[in-house]
Amino acid sequence: MRLNFRFIIGLVIAAVTLIGYFFNTSTNPVTGEKQHVNMTADQEIALGVQAVPEMAQQYGGESRDARATAAVQQVGQRIVQANGLDQKTKYQYRFHLLADDQTINAFALPGGQVFITQGLLKNLTTEGQLAGVLAHEIGHVVGRHSAEQVAKSQLTQGLTGAAAIASYDPNSPGSSVARAAAAAMIAKLVTLRFSRNDELEADDFAVKLTPVAGYDPRSMMNVMAMLDKQGGGSRQPEFMATHPNPGNRIEELQKDIKKQYPQGTPGGLKQ
């Protein structure tokens, strides 16, 4: 009888979790798509700003190279303004060059905070390549990927907790641990799958955003080729630990570019 009562409690928790996730939606102001998020744009901005010092500290703080920092900020703002993102969204786009010249990485925090390490910047050979990297990270912001991941995390945590409660057997305590571990593994796999989709969507954003700002979207494929080459060494770029395989992404980028420009990429764009 007690087992049934726990099972009912688990079902109630699962139901509340699912209802909270699927009914809590917001329309993306750029894509027009409905997304399962439980954060406002203002909350995303506040969260991102609050996390900037800690994230910067992990990579040696902000770069002291004023010229390189200015270049990163100039290219980033050019993409934002050319695409009207500062008008279409409430986000406060800020671009940071981090002092770490050994780590190859770039990432974005919710609300518009975009980072690139000196380690990655020094491996880029053209302004167009820099634009591609920054546009990709801007795509994460515009796509509200962080907010979506928070909502998905809360969903999987709620369902995992519900499963643990429903399956707990006082006569076999170890059973709940095993089931909870299995549920957690499934939750992790779901998160990784969506994370890959987010990365590919950010690539698609880069293909759309860079030409409007005057940059050739094909430059991003050169970035992927460089990362793929770097990955062949003894030290894998950190970028590759959080992003899909560069080789696979080149093929996806080619598809995105062909879809966006079926008659061929416009001429006169910066490489």
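The values are calculated or read from the model by the stated rules, or taken from the named source; none is laboratory data. Being a predicted model, the structure only gives us computed values, none of them experimental. With ideal geometry, Cβ positions are generated from the backbone for all residues, glycine too; neighbour counts draw on all protein chains shown.
Answer yes if at least one residue in the range 51-63 is in a loop (DSSP other than H, G, I, E, B) and in contact with a helix residue (DSSP H, G or I) (Cβ under 8 Å, 6 or more places away or on another chain), and no otherwise. Working first, answer last.
Looking only at the range 51-63, we keep the residues that are in a loop (DSSP other than H, G, I, E, B), and these are 59-61, 63.
Now drop any that are not in contact with a helix residue (DSSP H, G or I) (Cβ under 8 Å, 6 or more places away or on another chain), which leaves 63.
For the range 51-63, residues in a loop (DSSP other than H, G, I, E, B) and in contact with a helix residue (DSSP H, G or I) (Cβ under 8 Å, 6 or more places away or on another chain): present.
State all residues of the range 87-136 that are at pLDDT below 95, β-branched (Val, Ile, Thr) and in contact with a strand residue (DSSP E or B) (Cβ under 7 Å, 6 or more places away or on another chain); if no residue qualifies, say none.
If the condition is that a residue be at pLDDT below 95, β-branched (Val, Ile, Thr) and in contact with a strand residue (DSSP E or B) (Cβ under 7 Å, 6 or more places away or on another chain), then 103, 104 are the ones that fit.
For the range 73-117, which positions are hydroxyl-bearing (Ser, Thr, Tyr) and not in a loop (DSSP other than H, G, I, E, B)?
Within the range 73-117, 117 is the sole residue that qualifies.
Run down 113, 92, 87, 118 and say which single residue is surrounded by fewer than 21 Cβ atoms within 10 Å (Cβ to Cβ), in contact (Cβ under 8 Å) with a residue 12 or more places away in the chain and of a type outside the set (A, V, I, L, M, F, W, C). First the steps, then the outcome.
On the way: 113 fails: surrounded by fewer than 21 Cβ atoms within 10 Å (Cβ to Cβ); 87 fails: in contact (Cβ under 8 Å) with a residue 12 or more places away in the chain; 118 fails: surrounded by fewer than 21 Cβ atoms within 10 Å (Cβ to Cβ).
That would be 92, the only listed residue that is surrounded by fewer than 21 Cβ atoms within 10 Å (Cβ to Cβ), in contact (Cβ under 8 Å) with a residue 12 or more places away in the chain and of a type outside the set (A, V, I, L, M, F, W, C).
Restricted to the range 40-74, and to residues that are under 19 Å from the mean Cα position of the chain (by Cα) and among the acidic types (Asp, Glu), which residue is surrounded by the most Cβ atoms within 10 Å (Cβ to Cβ)?
Only one residue fits best here, namely 44.
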